[in-house]
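Right, one structure below, let's go through it.
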Amino acid sequence: MWQNRVRRQGSIIVISGPSGVGKGSVIDLLCQQDENLVKSISATTRTPRPHEIDGVDYHFVSVSKFKNLISRSGLVEWTQYGENYYGTLRSMVESTTASGKDLILEIDVDGVIQLRELGIEGTFVFILPPSTEVLANRLRGRGTESQTEIDHRLARARTEVYFAKDYDFWVINADNQIGQTVSEILQVIYTERHRIDQVILKQIYDVFDAIIPENR
Ligand code: 5GP
């Protein structure tokens with residue numbers, strides 16, 4: 001089959017949205033439903049939450065280790081969020097995309113601005129809550145942040161929504177509708193996988209050269 005001879009490079013899929021919008025659960029479901037999706041594991045200086053596992057949810061590192069990663073260009077992008085640093089590991093981006101899988105980055109708008117400035121291509125998806133009230137309730141219900149931290153995250157949500165302009169797609173994660181959210185994002189991802197780029201085009205030409213050389 002000629003299809004087996006055309007192999008795309010993996011790409012980056014960026015998922016952002018206000019804290020509490022449900023990005024983590026959406027990304028876990030996306031990865032369960034498509035074996036060609038891999039979740040990026042960021043480095044952070046934040047303290048792990050009770051259920052979080054080092055190397056699975058984040059690579060939890062010290063501030064000095066994080067600064068060391070920055071100085072040796074080990075991060076594609078990074079940000080300071082509240083008191084903590086977060087960044088995407090260059091090694092993870094390179095190895096996953098080279099293997100032909102798509103890497104999902106759960107990063108904030110600061111990170112997206114950096115990726116856009118660097119001209120890094122990808123599919124940028126912004127997840128919205130159905131309303132600010134729902135967002136506030138979800139943050140309180142999570143019970144993992146102090147009231148001060150919740151207030152900070154809600155204030156930041158207002159700023160972040162403004163940056164929806166830097167994304168390609170928007171999706172609303174309504175209460176009890178996560179399946180719908182996931183299927184909408186999968187549709188976007190499947191469409192993007194069929195975009196013609198130079199890598200694919202060369203492979204298509206190579207295959208058809210062999211079969212119908214007189215048409216070139
Ligand atoms: P949390 O503390 O809730 O896990 O994450 C706080 C915020 O940091 C979220 O908005 C999340 O998207 C963002 N974040 C997590 N990892 C990264 C990263 O590697 N880079 C950037 N720019 N933001 C990140």
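The values are calculated or read from the model by the stated rules, or taken from the named source; none is laboratory data. If you're wondering where the values come from, they're calculated on a predicted model, not measured in any experiment. Ideal geometry is used to build each Cβ from the backbone, glycine not excepted, and the neighbour counts take in all protein chains shown. Note: areas computed on protein heavy atoms with side chains; ligands, DNA, RNA excluded. Shrake-Rupley method; radii C 1.70, N 1.55, O 1.52, S 1.80 Å.
Calculate how many DSSP beta bridges within the stretch 69-173 are antiparallel, expressed in % of all such bridges and rounded to the nearest 5.
Details: 6 of 10 bridges.
Antiparallel bridges: around 60 percent, rounded to the nearest 5.
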Query raised in the report: Over the chain, what is the percentage of antiparallel beta bridges among all DSSP beta bridges, to the nearest 5?
Result: 30
Query raised in the report: Under 16 Å Cα-Cα from LYS23, which lysines qualify once same-chain neighbours fewer than 8 residues away are excluded?
Result: LYS39
Report task. Check the straight Cα-Cα distances from LYS165 and name the aspartates and glutamates below 20 Å, setting aside those fewer than 8 residues away within the same chain. Result -> GLU77, GLU106, ASP108, ASP110, GLU117, GLU121, GLU184, GLU192
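I want the local charge near GLY82. Using Cβ-Cβ distances under 14 Å, sum +1 for each Lys or Arg and -1 for each Asp or Glu among the other residues.
Numbers: positive: ARG46, ARG49, ARG153, ARG156; negative: GLU83, ASP108, ASP110, GLU145, GLU149, ASP151, GLU160.
Counting the neighbours of GLY82, the net charge comes to -3.
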Report summary line: The size of the Cβ-based charge dipole (Lys, Arg +1; Asp, Glu -1) of the chain about the Cα centre, to the nearest 20 debye, is 300
Query - Proximal lysines relative to LYS202, as straight alpha-carbon distance under 27 Å, when same-chain residues fewer than 8 apart are discounted - result: LYS101
Report summary line: Contact order relative to length for the stretch 59-216, counting C-alpha pairs under 8 Å separated by 6 or more residues, stands in percent at 18
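Taking only protein heavy atoms into account and a 1.4 Å probe, give the accessible area per residue of the stretch 73-216 in Å².
Numbers: 8200 Å² over 144 residues.
Roughly 57 Å² per residue, with all protein chains present.
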Requested in this report: Can you pull the one-decimal nm distance between simple spin-label points at THR159 and LEU201, each 7 Å off the Cα toward Cβ?
Outcome: 4.1
Query raised in the report: Can you tell which of GLN33, SER64, SER19 lies farthest toward the positive end of the dipole of the stretch 1-67, using +1 and -1 charges on the Cβ of basic and acidic side chains (Lys, Arg; Asp, Glu)?
Result: SER64
Query raised in the report: In the stretch 61-212, carbon and sulfur make up what percent of the accessible area (probe 1.4 Å)?
Result: 54
Query - Net dipole in debye of the stretch 93-198 [+1 Lys, Arg Cβ; -1 Asp, Glu Cβ; about Cα centre; nearest 20] - result: 240
Report task. Decide, for the chain, between rounded, prolate and oblate: order the square roots of the alpha carbon gyration tensor eigenvalues as a ≥ b ≥ c, take rounded if a/c falls under 1.5, and otherwise choose prolate if a/b is larger than b/c, else oblate. Result -> prolate
